[in-house]
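Each remark here refers to the structure printed beneath this line.
The values are calculated or read from the model by the stated rules, or taken from the named source; none is laboratory data. Keep in mind the model is a prediction, meaning the values are calculated, not measured. Note that each Cβ is placed from the backbone with ideal geometry, even for glycine, and that neighbours are counted across all protein chains shown. Side chains are part of the model used for accessible areas, which takes the heavy atoms of the whole protein and leaves out ligands, DNA and RNA. Shrake-Rupley method; radii C 1.70, N 1.55, O 1.52, S 1.80 Å.
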Amino acid sequence: MAPIEVFFGALVIMFGLVGLVRGFLRELGVTMVMVFTLFFLSLVDGTVAKGMPRLLDLIGLDGTAEQSALYNCWLHLLVIMVVAFISYQGETLAFAGSTPGGAPGIVLGLMVGLVNGYLIAGSLWYYMDKFSYPINWLGFTAERLSPLASKLVPFLPSAFLGQEVLFGQSMLLYLSIILLAFRVIR
């Protein structure tokens with residue numbers, strides 16, 4: 001199995017190519033939805049983590065720390081994957097305007113696609129790391145992280161953009177507001 005940073009890079013490049021084809025106005029809609037999703041997950045993260053052992057006990061499953069981490073990880077990954085799928089599927093939340101032709105349109109589509117890849121693939125990696133890689137079917141474990149992967153973890157979206165910057169709020173809140181303003185202002 002390739003190192004996790006190779007898998008992550010391949011996903012980011014794939015999303016960049018998708019952005020190249022779809023155009024940057026459609027991709028900005030996905031960016032806005034993903035930033036809102038990451039902000040929402042950062043708000044409910046502590047509540048979900050505290051409630052998971054009790055929920056597992058209520059439904060008759062083992063509420064140990066390992067099982068709780070596994071189900072927490074799956075819950076976060078599924079939310080991100082479902083939101084990403086819905087964001088790309090069918091009628092999307094596209095920004096108004098027209099895509100510039102030629103090289104500027106190609107570069108903008110590629111760049112916003114790469115950002116979306118960073119947000120989606122990076123968030124999946126972040127939650128796998130946060131819960132100590134409880135899902136072993138990909139072969140990624142905390143012990144097998146390369147030195148490069150260990151250095152990249154603090155720069156994953158929820159770790160990097162989730163930092164408190166102003167008035168005790170994360171950058172995700174301010175990015176959400178800015179993207180919403182750009183969507184509303186025509």
- With r defined as the distance between the Cβ atoms of Glu66 and Ile178 and R0 fixed at 25 Å, what FRET efficiency is calculated, to the nearest 0.05? 0.05
- Task: Using 0.36 nm per residue of separation minus the Cα-Cα distance, give me the extension gain between Ser98 and Ile13 in nm, one decimal.
- Result: 28.2 nm
- FRET efficiency estimate (nearest 0.05) - Cβ-Cβ, Thr141 to Met111, R0 30 angstrom: 0.35
- Query: Which net charge results for the neighbourhood of Leu152, defined as the other residues with beta-carbon distances under 11 angstrom from its beta-carbon, given Lys and Arg at +1 and Asp and Glu at -1?
  - Reply: -1
- Note on the structure: Ranking Arg26, Arg183, Arg144 from most to least accessible area with a 1.4 Å probe gives Arg144, Arg26, Arg183
